[in-house]
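A.B. asks: I have a structure I would like to understand better, so I am pasting it below and will then ask my questions one at a time.
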Amino acid sequence: MSGFHRLPGSAPARFGSAIDRGEPVGFRFDGRLLPALYGDTLASALLANGRAGFGRGPLLGRARGLTALGLDEPFAWAIPEDGSEPLRADDIAAVEGGSATAVPSGAAPSRLFARAAADGPVAGAFPPGRRLLARLRRHAALPPAIAASLPPLVEAAEESCDALVVGAGLAGLAAAVTAQRSGLVVRVVEATGRVGGLADLYDGAIDGLAPQDWALQRAGELSGRDAAALALRAEALAIEPDGTALVSQRGAGPRPGPAKLRAIRAGAIILACGFHERPLLIAGADRPGVLLAGAARGLLRRYAVAPGDRVVVATTGDEGYRTAIDLAEAGVTVEMILDARAAPDSALVDRAKAHGLPLSLSSLATGVATADGSDRIVGVTACNVGGEGAAAGRRTLFADALVASDGLAPRRELADAAGLDEAQGLFVASRQADLASAVRDGVAAGAAAARHLGREAEAESWDVQGLPDAPEDAAARAAPRARLGESGDPADAAVIDAGADVTFGDLRQARLMGLSGPALRRWLGLGRGRDGGLAGSALADDVLGEAAPPSAPSPRLTLGALAARARLVENA
């Protein structure tokens, strides 16, 4: 067996928590029957059946696969059976009798440039014709941003509350419960269809409960006090200067239907948007079979889906070790952990060593090798952080999947675009990515919001136990980019915005043209993919060394949403 597959029933019971192996369902994708299990999503069902590809990139034409789960996925989208706007494949439930269709990938590359589209700029710059075609398509034919998009005619409604919490992860639930216990009317909006965020992907305990069980208990408390307190599949799109949050709300259940717009006016807003995992700059990392560490762990723990038989894990921190340990315990061979750090020291590293996992320090993954005539990964190329020539230690590791992680960073898009602070009623709860910090920061934000509205909140105290990560290693994070920059370097093919098909080579050439700042972003089309830049912006910002300027209005607000908002204002 090679590539994505479902773990056998003999795998440890903690793998596959979201599925019921005893209840198969018949789901159709593009008109063909797709065997699935109760609890599967379209993404997990496709991967469990070995279907790793999700179309081809709009410019380079290279095969694309799922790289992340939830909001971090830039390309694996599909159109649900109701024919509404495309959704991430991980957000579409595989239900009996349900169906979905693939999102068109756009015009295929011409035959003249097919080879360049398949290989990317590995041996040098694109031919002049290919460069011209790429420029034209970036500005004319790239699929429009459809993240959180709404149809032209949208139901819209206004409502109000004391405190609005964005995000139902550990921090958001802790903030919401703290604020609600102080007597405030609280509303919680969660973009995904589940509470807890990433809680089920981390080991530990909160008041003696598994993190996900604690999250479910807190969600039950919120809804028990107020049935309207918690809304799933409700994504906050923007926050207006007066504290009104615009939220795209889809229905509950496996067939949620079209979205509607909620304009929620709150006296205080708590942003607990969680964290996104940063990808590594690796040539060919947009291929099927390359995914983030959190996504690989989520597929294992929730759906019992493994990314391959022999997996290489590349990391700059402890997040990769969590997934490597899970892979090993699920019976998947970990070919090598490539850690860019010189001397990592943490409990997770010790656990990996105790499992006997092979480890190479001060090492980077530089690219992937594919089988002739296919997109199937057969190897991962690696090198040492330092050294030239023979001292670089370039080698190829045989593997059919690559898991990569550059650590976690807080989602700040809403906060940065809003331009508000605590004096104006905006509070940020997600600051550090560990169990104890999530709960502590949530409580602090909930209490601060209560005080802002003239209420006294009791200091909630939950006992949190978990393995902390080692501090972030700045030198290790900089190492992958330190080896880049030469024309013809294979890393020119590294995609820095998968949704918009922008490579490191494109960025290098744009800089040679003298472009920088917003002009460079416009020229490259950064953020113009299906995700509206929500997922693809992280690596682009990191490589550029600057964050994208906040947009006004948010690029995630479509014309339909803006029109719905305008109607509400007119009717007020």
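The values are calculated or read from the model by the stated rules, or taken from the named source; none is laboratory data. Fair warning: this is a prediction, and the values are worked out from it, not measured in the lab. No Cβ is skipped: glycine too gets one built from the backbone with ideal geometry, and neighbour counts run over all protein chains shown. Accessible surface areas use protein heavy atoms only, side chains included; no ligands, DNA or RNA. Shrake-Rupley method; radii C 1.70, N 1.55, O 1.52, S 1.80 Å.
A.B. asks: Does G505 fit the bill of being within 30 Å of R394 (Cβ to Cβ) and at pLDDT 75 or above?
C.D. replies: The answer is yes for G505.
A.B. asks: Let me ask something else about it. Considering region 372-384 alone, what residues qualify as being among the small types (G, A, S) and open to solvent by less than 20 Å² (accessible area, probe 1.4 Å)?
C.D. replies: G379, A382
A.B. asks: Where in region 346-454 are the helices (runs of 4 or more DSSP H), entirely inside, with at least 3 residues that are more than 30 Å from P288 (Cβ to Cβ) and modelled with pLDDT under 90?
C.D. replies: Those helices (runs of 4 or more DSSP H) span 413-418.
A.B. asks: Considering only region 36-53, how many residues are within 19 Å of P307 (Cβ to Cβ) and open to solvent by 60 Å² or more (accessible area, probe 1.4 Å)?
C.D. replies: 2
Results for (1) assigned to a loop (DSSP other than H, G, I, E, B); (2) open to solvent by less than 40 Å² (accessible area, probe 1.4 Å); (3) modelled with pLDDT under 70; (4) within 20 Å of G367 (Cα to Cα), shown as yes or no for each residue.
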site: A491; (1), (2), (3), (4): no, yes, yes, yes
site: G499; (1), (2), (3), (4): yes, yes, no, yes
site: Q509; (1), (2), (3), (4): no, no, no, no
site: L515; (1), (2), (3), (4): yes, no, no, no
site: G527; (1), (2), (3), (4): yes, yes, no, no
site: L534; (1), (2), (3), (4): yes, yes, yes, no
site: A564; (1), (2), (3), (4): no, yes, no, no
site: E570; (1), (2), (3), (4): no, no, no, no
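A.B. asks: Which of the residues belonging to region 6-41 are touching a Leu at 6+ places or on another chain (Cβ under 8 Å) and not charged (D, E, K, R)?
C.D. replies: Passing the criteria: L7, F15, G16, I19, P24, V25, G26, F27, F29, L34.
A.B. asks: Separate question: State the number of residues belonging to region 89-103 that are in a loop (DSSP other than H, G, I, E, B) and touching a Pro at 6+ places or on another chain (Cβ under 6 Å).
C.D. replies: Going through region 89-103 one residue at a time, the tally reaches 3.
A.B. asks: Which pairs do you get when a residue that is under 18 Å from H276 (Cβ atoms), found in region 59-81, comes within reach of a residue that is of a type in the set (S, T, Y) and open to solvent by 20 Å² or more (accessible area, probe 1.4 Å), reach meaning Cβ atoms under 6 angstrom, with the pair 6+ apart or on two chains?
C.D. replies: Note: pairs meeting the criteria are G70/T192.
A.B. asks: When you check E472 against the structure, is it modelled with pLDDT of 80 or more, in contact with a Lys or Arg (Cβ under 8 Å, 6 or more places away or on another chain) and surrounded by fewer than 18 Cβ atoms within 10 Å (Cβ to Cβ), yes or no?
C.D. replies: No: the conditions fail for E472.
A.B. asks: In region 348-367, which residues are of a type in the set (A, V, I, L, M, F, W, C) and either within 26 Å of D286 (Cβ to Cβ) or open to solvent by 60 Å² or more (accessible area, probe 1.4 Å) (or both)?
C.D. replies: Those that are of a type in the set (A, V, I, L, M, F, W, C) and either within 26 Å of D286 (Cβ to Cβ) or open to solvent by 60 Å² or more (accessible area, probe 1.4 Å) (or both): A354, L361, L364, A365.
A.B. asks: Taking the condition at positive phi and open to solvent by 10 Å² or more (accessible area, probe 1.4 Å), does D207 pass?
C.D. replies: Here the answer is yes, as D207 does meet what is asked.
A.B. asks: Scanning for something aromatic (F, W, Y) and in contact with a Gly (Cβ under 8 Å, 6 or more places away or on another chain), does region 5-25 turn up at least one residue?
C.D. replies: no
A.B. asks: For region 253-267, state whether one or more residues are of a type in the set (A, V, I, L, M, F, W, C), in contact (Cβ under 8 Å) with a residue 12 or more places away in the chain and out of contact with any strand residue (DSSP E or B) (no Cβ under 6 Å at 6 or more places or on another chain).
C.D. replies: No, region 253-267 contains no residue that is of a type in the set (A, V, I, L, M, F, W, C), in contact (Cβ under 8 Å) with a residue 12 or more places away in the chain and out of contact with any strand residue (DSSP E or B) (no Cβ under 6 Å at 6 or more places or on another chain).
A.B. asks: Answer yes or no as to whether A231 is in contact (Cβ under 8 Å) with a residue 12 or more places away in the chain, under 30 Å from D82 (Cα atoms) and within 21 Å of the chain's Cα centre (by Cα).
C.D. replies: The answer is yes for A231.
A.B. asks: Next question, about the same structure. Suppose we filter region 65-82 for residues that are acidic (D, E), assigned to a loop (DSSP other than H, G, I, E, B) and within 14 Å of D497 (Cα to Cα); how many remain?
C.D. replies: Qualifying residue count for the region: 1.
A.B. asks: If you take the residues in region 274-300 that are touching a Lys or Arg at 6+ places or on another chain (Cβ under 9 Å), part of a helix (DSSP H, G or I) and of a type outside the set (A, V, I, L, M, F, W, C), which one is surrounded by the fewest Cβ atoms within 10 Å (Cβ to Cβ)?
C.D. replies: Residue satisfying both the conditions and the ranking: G294.
A.B. asks: Return the residue satisfying two criteria in turn: it lies in region 455-466 and is open to solvent by less than 70 Å² (accessible area, probe 1.4 Å) and either assigned to a loop (DSSP other than H, G, I, E, B) or at pLDDT below 85 (or both), and of such residues it is farthest from V165 (Cα to Cα).
C.D. replies: G466
A.B. asks: Give the residues of region 385-442 that are of a type in the set (D, E, K, R), surrounded by 17 or more Cβ atoms within 10 Å (Cβ to Cβ) and within 17 Å of S362 (Cα to Cα), sorted by residue number.
C.D. replies: Matches in region 385-442: D406 only.
A.B. asks: Which members of region 18-34 meet the condition of being out of contact with any helix residue (DSSP H, G or I) (no Cβ under 6 Å at 6 or more places or on another chain) and small (G, A, S)?
C.D. replies: G22, G26, G31
A.B. asks: In region 69-88, how many residues are of a type in the set (G, A, S), surrounded by fewer than 24 Cβ atoms within 10 Å (Cβ to Cβ) and out of contact with any Pro (no Cβ under 7 Å at 6 or more places or on another chain)?
C.D. replies: The number of residues fulfilling the criteria is 2.
A.B. asks: Continuing with the same structure: Please enumerate the residues belonging to region 34-57 that are of a type in the set (G, A, S), part of a strand (DSSP E or B) and either touching a Ser or Thr at 6+ places or on another chain (Cβ under 8 Å) or at pLDDT 95 or above (or both).
C.D. replies: A36, G55
Conditions (1) open to solvent by 10 Å² or more (accessible area, probe 1.4 Å); (2) in contact with a Phe, Trp or Tyr (Cβ under 7 Å, 6 or more places away or on another chain), marked per residue:
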| site | (1), (2) |
| --- | --- |
| D242 | yes, no |
| L246 | no, no |
| A268 | no, yes |
| R302 | yes, no |
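A.B. asks: For region 306-324, state whether one or more residues are part of a strand (DSSP E or B) and in contact with a His (Cβ under 7 Å, 6 or more places away or on another chain).
C.D. replies: Yes, there is a match, as at least one residue in region 306-324 is part of a strand (DSSP E or B) and in contact with a His (Cβ under 7 Å, 6 or more places away or on another chain).
A.B. asks: Give me the pairs, please: first residue somewhere in region 436-448 and in contact (Cβ under 8 Å) with a residue 24 or more places away in the chain, second residue anywhere and of a type in the set (D, E), beta-carbon distance under 7 Å, and either six or more positions apart or on two chains.
C.D. replies: Between residues of region 436-448 that are in contact (Cβ under 8 Å) with a residue 24 or more places away in the chain and residues that are of a type in the set (D, E), the close pairs are V443/E460; A448/E422.
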